[in-house]
Structure formats: C-alpha cells, structure tokens
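> Pasting in a structure now, in structure tokens, and then I'll have a few things to ask.
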Amino acid sequence: MLEPVLTRIEPIFSPRPWGARSLAPLFLDQTDLAEPLGEAWLTALESRVTNGPFARKSLGESWRTMPPEWRGTRLSACPEFPLLVKFLFPNDLLSIQVHPDDAFAAEFEQAAGGRGKTEMWHIVAAEPHAELLLGLKPGVTHKLFLEAIARGTVEQLLLRYPVRAGETYFVPAGTQHAICPGMIVCEVQEYSDLTYRVYDYGRVDAAGKSRELHIEKALQVTAFGGTRSGKILPLPLHSPDANKHLLAACPFFATERWECDRTTFVEGDPVEFQLLVFLQGNGRLHDGEAGLPYRPGQAWFLPASLAMATLQPAEPTSLLRITVPDAKLLGRQLESLGFDRTAVSRVVLV
C-alpha cells in the first residue's frame, strides 16, 4: 500500500482580456505582468504535483494512477479528477454567460468532456461597490431575453448583488451570470470548462476579432423559471480548535471556511479526499512524518487514507476545505447533530 502523504499542487495561470496585471496578495511572484492574467487554476488536470510519490507528474496522471484508497471509497472508480478550483482576478466585466447541466453536456458536449458546470463563488477580497450579476429577474422570458441580446441590454435583465469579502454565492447550471471587476473570487466547480457566452460588451482582441458567442445553446440551457442561485448564509460548525463554517454543499462539492490561530487537526475520512486551499496566513502542515510550509494561494491534496494532518499556523490562517460529498447524507448528519433543518437546507442544496 502506498503511504499517504500531503501533496501540493502547482497552479496554472490563464491570460484573460478582463484579467489583472498583479495577482497580489495571493501570488506575490505574479506582479507587474506583461499581459493580464484572469485565472489561477489550482487543480487543472495539467497542474504539476510538487512532492510525494507523484512529484513532477500532472494532477490528471496522478489521479489515474493513484491507489483507490487515496481517492476514497466514494470516488475510487471516478476516471478523472472531479473538482476544478480557481482564483479569478477580474479587472473588467466578464461576459454574461451560462453553463449547461450534466444531462445536456452528456448529450451534446461529449467532445468537451460531457460534464456540466455547477459552481460556487467565495469572495476573497472586494473593493467598495463591487458587484455580481446572478440570475434573471422575475418574469424574464425567452423572448424578452433574446430581444435584449439583440439590443445589447441583457445585463439589465439580471439581478445585481453588491458583494463583500467573505460572502458565498451559489451558481447552479442554467443560471445566467457575470462577475464584475473589483474583487478576487475563489470558484469551486465541477471539472468542466463549458461556457456559453451571450454578451461580451463588444470587446475585440488585438486583431479586432470578437470572442465567440453561443446564443443558441445558451437559450437552450437557461432556466427561465429560475434556479437556486444567490447568496448563501454560512452555517457555523462545532469545532474545538478552529472557527469553521460550511459555505455551500451540493452533489458536486462541499466547501468549508476555517479560521485557524492555533494548532488545528484535519481528520481524514476513508470515504473522501480533501483539498485545502489557503487564502491567508502561513505556517506548516504535518502528516505525521514531514512538516511542510504553506502560504496563500496554495492548494493541497489530502488522500482519503491519510488518517490525520496537523496545521500549525505561524500567523492567523484562513483556508477553504473542499470535498465531494454525499449531499443528502451530509444534510442528515448535520440534522442529527442538532442543526435546524431549515438552516441546513439553505446551505446544503440537493
């Protein structure tokens, strides 16, 4: 049996026309950039593992060859890594867009992986007056939406949310949305890059070429009757060594935020692997043998067979803990611990 160890994953940075030329304070080595970077993909299949038995291999190759007990019993037969976690650095408006669900992607997008895209956004930092466009206003129909695309007024049909650091928003497939400038967002999602753009504010590249729009498919997948999108109030969790909140959970991911100012234990579960994504602070992670330094912007994979890891902060640390849950079971477990059913239903979305 391959001994489980803490495993760090290197990010991949993606240029975007709406991106920023500095990714501080998360990535202090990515400043004064020659071209704007919009996304840091923390768990891209092409991302490199930095240590342990899979060092220098890609995450995709590592996942396919790692022992089933590292993946966890829930995902032991999953052929590809199931989670894509990103940081977004918008310095301009993103396009107005929508993502398909799994059923549509499986039928029409096999060449692109055949998987839909439900996601959540956690606001890591936000300037005053930063906002999101998320979900259609009540009463918007297919006809009204198509007319607004033609007039260039489609953003007027979306709900606006002013945002602050620490907030979380749920974006199920079928929800029209756009991220506006002035924030840093951590996005947790199904592993899919399927995006159907409906409006891109008339932007063109250096050659005068517009980005492709996908209006026909976007209209097919848009949930004009509404979705469960919107801001989610976090659920405080019981913990003796850290301040923990469940931010959002659904069949594709569950995300908690931990605030740690002392030694914190990360218990393993043979059912599921864990990802730790650091937002702030530094210190060391221990897996029983080695102590490895962590810092903001890093993503760590904790095998399901790792019984315990220990986090020792050198300064107050904020992190996201991400898993792939059985969402219905998670909801029942929280209720059995005494959490109010209504409060659980607001954060566990099934």
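The values are calculated or read from the model by the stated rules, or taken from the named source; none is laboratory data. Everything numeric here is computed off the predicted structure, so don't read it as measured data. All Cβ positions, glycine included, derive from the backbone under ideal geometry; neighbour counts span all protein chains shown. Only protein heavy atoms, including side chains, enter the accessible area calculation; ligands, DNA and RNA are left aside. Shrake-Rupley method; radii C 1.70, N 1.55, O 1.52, S 1.80 Å.
> Would you mind checking the tilt of helix 142-151 against the longest principal axis of the Cα atoms of the chain, expressed as 0 to 90 degrees and rounded to 10?
Roughly 70 degrees, rounded to the nearest 10.
> Using every pair of alpha-carbon atoms in the chain, split the distances into 20 Å bins beginning at 0 and state the percent of pairs per bin, rounded to integers.
With 20 Å bins starting at 0, P(r) equals 29, 60, 11, 0.
> With each run of n ≥ 4 DSSP H residues scored as -39500 (n - 2.57), what mean residue ellipticity at 222 nm is computed for the chain after dividing by its residue count and rounding to the nearest 500 deg cm²/dmol?
-4000 deg cm²/dmol
> What ratio of Cα Rg to 2.2 N^0.38 Å holds for segment 166-262?
Here the Cα radius of gyration is 1.41 times the empirical estimate.
> Once the Cα gyration tensor of segment 12-56 is diagonalised, what are the square roots of 5 times its eigenvalues, in whole Å and ordered largest first, as equivalent ellipsoid semi-axes?
The equivalent ellipsoid of segment 12-56 has semi-axes of 24, 12, 7 Å.
> Follow-up question, since we're still on this one. Note down the magnitude of the dipole of the chain about its Cα centre, charges +1 on Lys and Arg C-beta and -1 on Asp and Glu C-beta and zero elsewhere, to the nearest 20 debye.
Value, rounded to 20: 540 debye.
> If only Cα atoms are counted, what is the Rg of segment 71-147, and what is its Dmax, in Å?
Expressed in Å, the Cα Rg and Dmax of segment 71-147 come to 17.0, 49.
> Which of the listed residues, LEU158, LEU23, PHE54, is farthest toward the dipole's positive end in the chain, when Lys, Arg count +1 and Asp, Glu count -1 at the beta-carbon?
Projecting each Cα onto the dipole axis, the largest value belongs to LEU158.
> Here's another thing I want to ask about it. Based on the Cα atoms of segment 14-140, what semi-axes does the equivalent ellipsoid have, where each is the square root of 5 times one gyration tensor eigenvalue, given in whole Å with the largest first?
29, 24, 13
> What does the convex hull of the alpha-carbon atoms of segment 220-286 project to on average, in nm²?
Projected area, direction-averaged: 7.1 nm².
> Which of these, GLN176, GLN333, GLN189, has the largest mean-square fluctuation under a Gaussian network model of the chain (Cα springs below 10 Å)?
GLN333
> Within segment 283-350, what whole-number % of the accessible surface is contributed by carbon and sulfur, with the 1.4 Å probe and all protein chains included in the calculation?
51
> If packing is taken as the mean number of other Cβ atoms within 10 Å per residue, what is the order of 160-166, 206-212, 190-196, 133-139, highest first?
190-196, 133-139, 160-166, 206-212
> Something else now. Starting with the highest mean, order 235-241, 214-220 by the number of other Cβ atoms within 10 Å, averaged over the residues of each peptide.
214-220, 235-241
> Sticking with this structure for a sec: Percent of accessible area on segment 1-46 owned by carbon and sulfur, 1.4 Å probe?
So the carbon and sulfur contribution to the accessible surface is 54 percent.
> While we're here: Let's test this: bin the Cα-Cα distances of segment 206-350 at 10 Å from zero up to the farthest pair and state each bin's percent.
10, 33, 28, 17, 10, 2
> For segment 245-314, what is the convex hull volume of its Cα atoms per residue in Å³?
90
> Output the 0 to 90 degree angle, nearest 10, between the alpha-carbon long axis of helix 327-336 and the longest principal axis computed from the alpha carbons of the chain.
Its long axis makes an angle of about 60 degrees.
> Which of VAL185, PRO128, VAL98 sits closest to the plus end of the dipole of segment 63-218, meaning its Cα is farthest towards the positive end, when Lys and Arg get +1 and Asp and Glu get -1 on the C-beta?
Of the listed residues, the answer is PRO128.
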